[in-house]
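All of the numbers you see were taken from the coordinates with simple rules; none came from a lab. It should be emphasised that the depicted structure is a prediction, and the values quoted were computed from it without experimental measurement. Glycine gets a Cβ as well: all are built from the backbone with ideal geometry, and neighbour counts include every protein chain shown.
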C-alpha cells in the first residue's frame, strides 16, 4: 500500500468545529450484470465515531445493505492506513490512482430496497434475508481529480473503473463497471442547506411529505463508458428550482458544468424519485441535456431530533446525445416523525 502522506488522500487537521467530517465515497455500475455499489466511510471526531455504509445493487429491485461504526479519537491522522469501520475496509494502493474496497461480513439481502423507507417496526416479516457478503472491488482512476475546493476544507471527485467479484447467498458475480469516487473534508451539517458551488443562496430545507415531495439537495454522478463522466449537485432555491454546478470529463477534456437545473418526478404517494431531467451548459458554452430513469433504489436515513433526512440513492440509466450511461441520482428530503 502506498503512503498518502502529503496528499489530499490523507486525513486533514480537524479544527474546533464539532460538525467536522472527513469522508471517502465510491460508486460504480456494471450495466451487463446489473450490479452497482455505493460506499461511504465518514469520520466525525466531534461525535467520537466513524461509520461505514456499503450498499450493493443486485439487479432488479434487489439490494444488499450493510452499516457499521467504530469509536475514534480526535486526531484523524491516526487512521491513515487504517480505514476500517465495521466489516468495510478501504486501502489506498496509489494516491489518486488505485484503491481497494473490501467487505467481508453480514448483510441484509433485500428483495425490494424501497422497503427501507418504511420504519423497521412496520416492515413485514421476511422483508430481508440475513446473508453473508464477500466483496472486493479494485478501483482504477480514469481521470485526474476535479477539485471543487482545496485547502483546509475541500472536496474532489474522480471517475473510475471498478472490477472484482462478490458472493452472497451462494451466488457469485464478477463485475466490471464505471463510476465516480469523491472525498470531502470540513464541517458538515447533514440536515442543513448549502449554497453549493454556484454561489447562489439556497432556501432552507423545507419538509417533504408523501403527498408533496420537496427535495432540498440533488446530487448526481454518471458515466457513459470509459470516456465520458460527469457529476455535481443542485440545491433548492427560494423559488423552488433546483440549481447547481458540477464538472464533465469528455475524453481528455475536463470542463465545468454551470447553471445545472434538475427536475424530478416521483412515485405516486412517495418521496422516491422515478425520473430525472437535467439541463446545463459547460464552461465553454455547450448545452448539455440529460434524461434519466431510476431502475433500482436504496433509501438511506440520517436521524435528527423529531425527524430524519432521507438520502434516496437511485441507480439510474441516463441518455445524453444519444448515448446510454449509468450512475447514481441522489435526492435528499427532510421528514418529520
(message) When a/c reaches 1.5 or more, the comparison of a/b and b/c decides; with that in mind, is the stretch 120-162 rounded, prolate or oblate per its Cα gyration tensor?
(response) oblate
(message) Can you tell me the mean projection area, over all orientations, of the convex hull of the stretch 217-336's alpha carbons? Units nm², please.
(response) 8.0
(request) Could you calculate the contour length gain from residue 119 to residue 275, that is, 0.36 nm times the residue separation minus the distance between their Cα atoms, to one decimal place in nm? (result) 53.7 nm
(request) Within 10 Å of each residue's Cβ, count the other Cβ atoms and sort 254, 297, 222 from fewest upward. (result) 254, 297, 222
(message) So if each residue of separation counts as 0.36 nm, and I subtract the Cα-Cα distance between residue 324 and residue 302, what length gain in nm does that give?
(response) 4.7 nm
(message) For the chain, set up a GNM with springs between Cα atoms under 10 Å and report which of 130, 111, 45 has the largest fluctuation.
(response) 130
(request) Only residues of the stretch 156-190 count here: report those whose backbone N is under 16 Å from the spot 7 Å along Cα→Cβ of residue 144, or say none. (result) 156-159
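Could you list 247, 20, 49 in order of exposure, starting from the residue whose Cβ has the fewest other Cβ atoms within 10 Å? Spell out each step's value before the answer.
Values: 247 26, 20 22, 49 14.
Ordered from fewest to most neighbouring Cβ atoms within 10 Å, 247, 20, 49 come out as 49, 20, 247.
What is the extension gain from residue 206 to residue 19, computed as 0.36 nm multiplied by their sequence separation minus the C-alpha to C-alpha distance, in nm to one decimal?
On the way: separation 187, 0.36 × 187 = 67.32 nm, distance 2.13 nm.
Contour length minus the Cα-Cα distance gives 65.2 nm.
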(request) Springs between alpha-carbon atoms under 10 Å, Gaussian network over the chain: tell me which of 129, 300, 228 tops the mean-square fluctuations. (result) 129
(request) Kindly identify the stretch 20-187 as rounded, prolate or oblate by the Cα gyration tensor criterion: order the square roots of the eigenvalues as a ≥ b ≥ c, call it rounded if a/c is under 1.5, otherwise compare a/b with b/c, prolate if a/b is larger, else oblate. (result) oblate
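If each residue's Cβ is checked for other Cβ atoms within 10 Å, how do 294, 29 rank with the fewest at the top? Each step should come with its number before you reach the end.
On the way: 294 23, 29 29.
Fewest-to-most ranking of 294, 29: 294, 29.
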